[in-house]
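Encoded as structure tokens, the structure appears first; notes follow it.
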Amino acid sequence: MNKKRKRQIPVRKQQNEFITPAILRRTIRNVLPFYREIVRNPAYSAAWVQAVNKIDFVQMERLFQKVSHAPIAELGSGYSFGFRTPMRDRLYVNGFFLDPAQSKYKVGEHLVVVQAILPLYLRLATDIPFATRVTAAINSGNTTRLNNLIRGLIRSRFLLTIRAQDSGFRISFRFPISRKIYTNYTLLGVG
């Protein structure tokens, strides 16, 4: 007896929305002057951390606008900068959050993390083939590939994890004495 088999349609897990290297690179280029200033200028770095700890969004926006002329569409928890994308009502967001959530940022720890991510951001801003490989790993949700691409650029003993998530990535750092986890992220958000 030859029974007909029902054709099974594979169920796909919900994938990331696709981002392009251009969206990723534009976002990184918009925040790069800010991160460079954090590393270059101790007074600016201290003023920024103070504004973040006070949740003073007006001061945070003033400080950001001193170094980058990119329009900020969002300042969120911890801090984040949202930039418009061609996708309707979507922002591509870059920022930091701290775990546990009620913790205060420390100038020295924040500086160490920014120094660690800066080589990655410089490479993403200037190397189109590299940015293309990173977005391909993000769009496929391939965290292993993303780790292979990024890990060699982040030289920090505090690096904890790199994950593809929400059409972007999250890079976490843990400081053993304070036990705080700083997470830097670039991802697709709602605007």
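The values are calculated or read from the model by the stated rules, or taken from the named source; none is laboratory data. All values derive from a computational prediction rather than experimental measurement. For neighbour counting, all protein chains shown are included, and Cβ atoms are generated from backbone atoms with ideal geometry for every residue, glycine included. Heavy atoms of the whole protein, side chains included, go into the accessibility calculation; ligands, DNA and RNA do not. Shrake-Rupley method; radii C 1.70, N 1.55, O 1.52, S 1.80 Å.
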Of the residues in the stretch 95-143, those that are of a type in the set (Ser, Thr, Tyr) and either at pLDDT 95 or above or under 30 Å from residue 53 (Cβ atoms) (or both) come to 103, 105, 121, 126, 132, 135
Is there a residue being open to solvent by less than 20 Å² (accessible area, probe 1.4 Å), within 24 Å of residue 78 (Cα to Cα) and touching a Ser or Thr at 6+ places or on another chain (Cβ under 6 Å) anywhere in the stretch 142-152?
no
Residue match in the stretch 81-101 (condition: in contact (Cβ under 8 Å) with a residue 60 or more places away in the chain, among the small types (Gly, Ala, Ser), open to solvent by less than 10 Å² (accessible area, probe 1.4 Å) and within 26 Å of residue 45 (Cβ to Cβ)):
yes
Can we say residue 126 is in contact with a strand residue (DSSP E or B) (Cβ under 7 Å, 6 or more places away or on another chain), within 22 Å of residue 35 (Cα to Cα) and free of Cβ contacts under 8 Å to residues at least 40 places away in the same chain?
no
Anything in the stretch 129-175 that is assigned to a helix (DSSP H, G or I), of a type in the set (Ser, Thr, Tyr) and within 18 Å of residue 28 (Cα to Cα)? List them, or say none.
132, 135
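Output yes when any residue across the stretch 103-111 is open to solvent by 10 Å² or more (accessible area, probe 1.4 Å), assigned to a helix (DSSP H, G or I), without any contact (Cβ under 8 Å) to a residue 40 or more places away in the chain and of a type in the set (Gly, Ala, Ser), and no when none is. Give the derivation first.
Step one: filter the stretch 103-111 for residues open to solvent by 10 Å² or more (accessible area, probe 1.4 Å), giving 103-109, 111.
Remaining after also requiring assigned to a helix (DSSP H, G or I): 107-109, 111.
Remaining after also requiring without any contact (Cβ under 8 Å) to a residue 40 or more places away in the chain: 108.
Among the residues that remain, those that are also of a type in the set (Gly, Ala, Ser) are: 108.
There is at least one residue in the stretch 103-111 that is open to solvent by 10 Å² or more (accessible area, probe 1.4 Å), assigned to a helix (DSSP H, G or I), without any contact (Cβ under 8 Å) to a residue 40 or more places away in the chain and of a type in the set (Gly, Ala, Ser).
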Can you name every residue in the stretch 36-56 that is assigned to a helix (DSSP H, G or I) and open to solvent by 80 Å² or more (accessible area, probe 1.4 Å)?
36, 40, 42, 50, 54
Can you report the number of residues in the stretch 176-187 which are part of a loop (DSSP other than H, G, I, E, B) and either within 14 Å of residue 96 (Cβ to Cβ) or in contact (Cβ under 8 Å) with a residue 60 or more places away in the chain (or both)?
2
In the set 166, 127, which member is touching a Leu at 6+ places or on another chain (Cβ under 6 Å), open to solvent by 30 Å² or more (accessible area, probe 1.4 Å) and of a type outside the set (Phe, Trp, Tyr)?
166
Please go through the stretch 169-184 and pick out each residue that is closer than 18 Å to residue 149 by Cβ and open to solvent by 20 Å² or more (accessible area, probe 1.4 Å).
170
